[in-house]
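The values are calculated or read from the model by the stated rules, or taken from the named source; none is laboratory data. None of these values were measured; they are calculated from a predicted model. Cβ sites come from the backbone with ideal geometry, for glycine too, and all protein chains shown count toward neighbours.
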Amino acid sequence: MKTAKTMTKNGSWIPMAMLVCWLQTVVAAGLSYGQAVVSDSKDHLEPWKAQPALVKKNSQRRKEFNYQESRVPDFQLPDPLVSQTGKPIVTAADWGQVRREELMSLFRNEVYGQRPEISYSLSFEQVEEQKNVWDGVATGRSMVAVVSIGDQQYRFPFVLFIPNGVQGQVPAVIHINNRYFIPLEKAIRENDPFWPAKTIIQRGYATASFHTSDVDPDQKDGYPNGIRAFFASGAPPTSRAWRSLSAWGWAASRVLDYLQTVSLIDASKVAVVGHSRGGKTSLWAACEDPRFAVAYSNNSGCGGAALSRRAFGETVGRITSSFPHWFCEPFSQYAQRESELPVDQHEVMALIAPRSVYVASSDEDLWADPKGEYASLVAAAPVFELLGKQSITETTMPALNTPRIVGNTGYHIRSGGHGLGEADWNWFLDFTDTVLK
């Protein structure tokens, strides 16, 4: 048997297995390697496929869920460029005036819920400021957003870092943290890989982060203590009222409201970022708020980037029964009936066009359906193209640890499991450098 090899720049040959091992070591170390390495190696690496041993293990461990491509049902995706009346959408005006509003209505009514139409006032309190963070390269602020209706208030904290000594305005990244709140002092002391504020600052961006449960508790029974109950004066939610994912996305928009008041930040160049349930949120946040220039979904899976119709890994039935507070009630009715959904997740990507979308998967996170996440991004391409933007159209997945960027879309699948780390961040920021800088 011949050993696959690749040529180095000086003309010598090295075994392919050695190259792949080196690339994976770089990623495991949390380092970013430049485009030259990616470009030199990508033509020689095989497109990603799920590890057979992992497929077998998962299939045996959780027999009620599908991890095998051969068992993915036949399906036809709804066409984002055909209106509900069957009319083809052939111009940007048709999309903006007809189809986009149709799709937003469908997602609000069938998946994420309707946000309340209620008047409120918004203000911000600065709790603390440190002007010489990390040897003077940044200013850090501990903030509180204050939402007021009459004499009632709802408050949630967030942290912001702004680069010092820069000329002009800088782009920014808002991180939806679904794990824990990172206070100002801790963010200064530790460059947490889940939100590496120092790294993001060093890449030339301002960055803010808030914790989802500070806005709406991430619990089945958390409704009475969150922003949704505050807006409803404690009344139970109706079946199509917004749920937690939409509420968290709403909060990201409130942080953006504050960034618009910071003179050093270019509020027209703000990305919204989330992992897992936060990744589902970041996509929907960008659909609801066209001010977000970029949405980054990391390992978001079902109800996020992955196509529901593939019924691979986590399914509509599983996610709505385990996390009923994430989606409005009608979504649960499509359990084992995914083909009857009037929408699918590629249309979430399409709703963000002509802005930018970046999707990331991981090799061992089959629960989130990496192939379905990538396929969803590809299926949104006709809308990007209609709106005059280039996007990924290649149906074959890229190789492991080899980002693919085309126009306003980007994707990578990295080594390892369900998580968000420095390698993911650096590849994402490589992408935002191309679309925001």
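Mind counting the residues in the stretch 131-146 that are exposed (fewer than 15 other Cβ atoms within 10 Å of the Cβ), of a type outside the set (Val, Ile, Thr) and part of a strand (DSSP E or B)?
Number satisfying all stated conditions: 2.
Is it the case that the stretch 319-339 has a residue that's under 21 Å from Pro47 (Cα atoms) and either not aromatic (Phe, Trp, Tyr) or not in a loop (DSSP other than H, G, I, E, B) (or both)?
For the stretch 319-339, residues under 21 Å from Pro47 (Cα atoms) and either not aromatic (Phe, Trp, Tyr) or not in a loop (DSSP other than H, G, I, E, B) (or both): absent.
Is it the case, given these coordinates, that Ser239 is assigned by TED's automatic domain parsing to the domain that holds Ser105, in contact with an Asp or Glu (Cβ under 6 Å, 6 or more places away or on another chain), assigned to a helix (DSSP H, G or I) and surrounded by fewer than 24 Cβ atoms within 10 Å (Cβ to Cβ)?
no
Within the bounds of the stretch 330-342, is there any residue that is in contact with a Leu (Cβ under 8 Å, 6 or more places away or on another chain) and closer than 14 Å to Lys280 by Cβ?
Scanning the stretch 330-342, I find no residue that is in contact with a Leu (Cβ under 8 Å, 6 or more places away or on another chain) and closer than 14 Å to Lys280 by Cβ, so the answer is no.
Return the residues of the stretch 347-379 that are touching a residue at least 60 places away in the same chain (Cβ under 8 Å), farther than 29 Å from Lys57 by Cβ and crowded, with 24+ Cβ neighbours inside 10 Å; say none if nothing qualifies.
Selection gives Glu347, Val348, Met349, Ala350, Leu351, Ile352, Ser356, Val357, Tyr358.
Give the residues of the stretch 147-196 that are in a helix (DSSP H, G or I) and over 22 Å from the mean Cα position of the chain (by Cα), sorted by residue number.
Leu184, Glu185, Lys186, Ile188, Arg189
Hey, can you tell me all the residues within the stretch 68-103 that are in contact (Cβ under 8 Å) with a residue 24 or more places away in the chain and charged (D, E, K, R)?
Scanning the stretch 68-103 gives Glu69, Arg100.
Pairs under 7 Å by beta carbon, first residue without any contact (Cβ under 8 Å) to a residue 24 or more places away in the chain in the stretch 404-417, partner charged (D, E, K, R), six or more apart or different chains?
Gly407/Lys389
Go through (1) within 22 Å of the chain's Cα centre (by Cα); (2) buried (at least 18 other Cβ atoms within 10 Å of the Cβ); (3) closer than 21 Å to Ile319 by Cα one by one and return the number of the condition Glu288 breaks.
Looking at each condition in turn, Glu288 falls short on (3).
Looking at (1) of a type in the set (A, V, I, L, M); (2) assigned to a loop (DSSP other than H, G, I, E, B); (3) under 30 Å from Glu364 (Cα atoms), which is the only condition Val90 fails?
Here Val90 clears every test but (3).
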